[in-house]
Each structure stands twice: as C-alpha cells, then as structure tokens.
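Student: One structure, pasted below without further comment.
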Amino acid sequence: MAVLPGDGIGPEAIKHALATLQAPDLGLDFDVFDQVSAQRYLRIGGAMTDVEIGRIRRAGGGQRQGAGNLHSRPRRYVQYSRGR
C-alpha cells in the first residue's frame, strides 16, 4: 500500500495510522513516501519522480486527498491521479 504523509499534520497522523494498522499483524505492506512534500515541489518543481509514480501505480493507489499549500498550485502539486 502506497502511503504519502504529505505536509502539515499528515506525517504525524500517518505515523499513528500506520502504527494502528500494523498492530494487529494483518500482513499489510506499506511503501511510505516521506520525501513527497510541498517543500520538494517548491524546490524542484515536482512532488514526485516518474519512478515514485510507478511505485504508486504498482501498489494500486492514487491521490485520495487534496494536496498543496499556500505557496503551491494544488492542481499541479500532485501530478498523478488514479487511472492515469
């Protein structure tokens, strides 16, 4: 399962969510993309590399939550959405 903590409260919330999902030993595998952030977008002009997008597609995941911050353009922040 691809997990993108993002910015703001995301990393803290994801940390607790992953701990909760891993506690009952359900056998779930998580691919956590800590490096994907608005700061990265502002620094290099993109939130994810093609390799990272490929990893997310293979995991069967997609963008499920709004992304962006006051300094980024939300529609361009995350270039990947399910089905593309």
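The values are calculated or read from the model by the stated rules, or taken from the named source; none is laboratory data. Bear in mind the structure is a predicted one, so any value in this text is a computation, not a measurement. Reconstructed Cβ throughout: ideal geometry from the backbone, glycine too, with neighbour counts over all protein chains shown.
Student: What do you reckon, is L18 of a type in the set (A, V, I, L, M, F, W, C) and assigned to a loop (DSSP other than H, G, I, E, B)?
Tutor: Considered against the rule, which asks whether it is of a type in the set (A, V, I, L, M, F, W, C) and assigned to a loop (DSSP other than H, G, I, E, B), L18 comes out as no.
Student: Okay, next question. How about segment 22-43: which of its residues are of a type outside the set (S, T, N, Q) and part of a loop (DSSP other than H, G, I, E, B)?
Tutor: Result: A23, P24, D25, L26, G27, L28, D29, F30, F33, D34, V36.
Student: Show the residue pairs meeting these rules: Cβ distance below 6 Å; 6+ apart or different chains; first residue within segment 6-19 and closer than 14 Å to Q39 by Cα; second residue part of a helix (DSSP H, G or I).
Tutor: Within 6 Å, the pairs are D7/A38.
Student: Tell me whether segment 10-24 contains one or more residues that are at pLDDT below 90 and among the charged types (D, E, K, R).
Tutor: No, segment 10-24 contains no residue that is at pLDDT below 90 and among the charged types (D, E, K, R).
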